[in-house]
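Quick notes on the structure that follows.
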Amino acid sequence: KEAGGSTLAKDYKKFMASNASIQNTMPGKPAPDISAPKPDGADLALSDLRGKVVLLDFWASWCGPCRRENPNVVRMYEKYKDQGFTVYSVSLDNNKQKWLKAIEKDGLVWENHVSELKKWNSKAAGAYGVKSIPTTFLVDGEGKIIGKNLRGQALGAKLAEIYGG
């Protein structure tokens, strides 16, 4: 067996790809465009939301910390949606019914919900080097990353800075 096909070589390639993803998603960098199916099956790309400030939120119905953060995300959405803020929720679920039930139960009223229903094998998560959830990226109207892992008061403070209050 060639060295390039060994488990160690494959793991190393995966690690290097992940490291590149993390470097490519630092604040100031253009947000990698991702696309995934909405609950109705139609694809929605992050770039479809250009012109708005977008919280790119990687989460899942089975993630306790994600579910505990959801009320804060809903509050920020309600406060700033009329000023051009929205949320692009990428679920790392693999069960469509549990995903949809969590959206409803947590009152995630924005329309931009997507999931490949592949848990950690999500291409979207791979593009952003997501290794744990919740993981968030704040993307400006031009598609540039302007914040990373903003939750709770930190998200509120950044949005107040952008929108003035």
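The values are calculated or read from the model by the stated rules, or taken from the named source; none is laboratory data. The structure presented is a predicted model; accordingly, all values stated were derived computationally and were not measured. All Cβ positions, even for glycine, are placed from backbone atoms using ideal geometry, and neighbour counts span all protein chains on display. To get the accessible areas, we keep the full protein, side chains included, count just its heavy atoms, and leave off ligands, DNA and RNA. Shrake-Rupley method; radii C 1.70, N 1.55, O 1.52, S 1.80 Å.
What the range 17-94 shows is 45 Å² of accessible area per residue, with the surface traced by a 1.4 Å probe over protein heavy atoms. Centre-to-centre, using Cα atoms only, the range 113-165 and the range 22-67 are separated by 6 Å. Its Cα centre serving as origin, the chain has a Cβ charge dipole (Lys and Arg +1, Asp and Glu -1) of approximately 540 debye. Model label points for Gln97 and Arg67, set 7 angstrom from Cα along the Cα-to-Cβ axis, are 1.6 nm apart. Helix 64-80 and the longest principal axis of the Cα set of the chain meet at an angle near 40°.
Can you work out the FRET efficiency for the pair Thr86 and Ala9, with r the C-beta to C-beta distance and R0 = 45 Å, to the nearest 0.05? For Thr86 and Ala9, the calculated efficiency is 0.60. FRET efficiency for the Tyr163 to Asp43 pair, using the beta carbon distance and R₀ = 30 Å, is estimated at 0.55. Rounded to the nearest 10 degrees, the angle from helix 7-23 to the longest Cα principal axis of the chain is 30 degrees. Rounded to the nearest 10 degrees, the inclination of helix 96-105 to the longest alpha-carbon principal axis of the chain is 30 degrees. Surface composition of the chain: carbon plus sulfur atoms hold 51% of the accessible area, using a 1.4 angstrom probe and ignoring ligands, DNA and RNA.
Lysine pair count for the range 25-99 with Cα-Cα distance under 28 Å and sequence separation of 8 or more or different chains is 15.
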